[in-house]
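The values are calculated or read from the model by the stated rules, or taken from the named source; none is laboratory data. Given the structure is predicted, the values throughout are model-derived calculations rather than measurements. For neighbour counting, all protein chains shown are included, and Cβ atoms are generated from backbone atoms with ideal geometry for every residue, glycine included. Please note that ligands, DNA and RNA were not included when accessible areas were found on the heavy atoms of the full protein model with its side chains. Shrake-Rupley method; radii C 1.70, N 1.55, O 1.52, S 1.80 Å.
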Amino acid sequence: MPNAPLRMPKLALAMTEGTLVDWLVGDGDVVSDGQALYVVETDKVETEVPAAASGVVHPSAPAGGTYPVGAELGWIDVPG
């Protein structure tokens, strides 16, 4: 089963890291494309990050941590 990585997004031009505030889904939950998965906070904004694919989600990074842009936070097992 292919997977789609969940990464720390770059929400601003100068952003180099962000805080993973909270997971909105649990390990093994079935999610839909566009569904909010986790909340990221920067020095200027707090936003929900949506799923880029449908499938079974597997968070791997603990909430409360600060991660560089592009860091893998988990993945989605995509059917097919």
Computed curve, the range 33-80, Cα-only Debye sum without solvent term, log₁₀ I(q)/I(0) at 0.24, 0.25, 0.29, 0.31 Å⁻¹, is -1.01, -1.07, -1.29, -1.36
Computed for the chain: size of charge dipole around the Cα centre, +1 on C-beta of each Lys and Arg, -1 on C-beta of each Asp and Glu, debye to nearest 20, value 220
The chain, Gaussian network, Cα under 10 Å: of 64, 55, 18, the residue fluctuating most is 64
Expressed per residue, the solvent accessible area of the chain in Å² (1.4 Å probe) is about 56
Checked against the positive end of the charge dipole of the chain (+1 on Cβ of Lys and Arg, -1 on Cβ of Asp and Glu, about the Cα centre), the farthest of 9, 30, 60 is 9
Given 22-34, 4-16, the highest-first ranking by average Cβ count within 10 Å works out to 4-16, 22-34
Whole-percent carbon and sulfur contribution to the accessible surface of the chain (1.4 Å, no ligands, DNA or RNA) stands at 53
Debye calc, one equal point scatterer per Cα of the chain, no solvent, log10 I(q)/I(0) at q = 0.13 1/Å comes to -0.35
Length-normalised contact order of the chain, Cα under 8 Å, at least 6 apart, in percent, tallies to 43
Surrounding charge for residue 56, neighbours by C-beta under 15 angstrom, Lys/Arg +1, Asp/Glu -1, total -4
Surrounding charge for residue 40, neighbours by C-beta under 11 angstrom, Lys/Arg +1, Asp/Glu -1, total -3
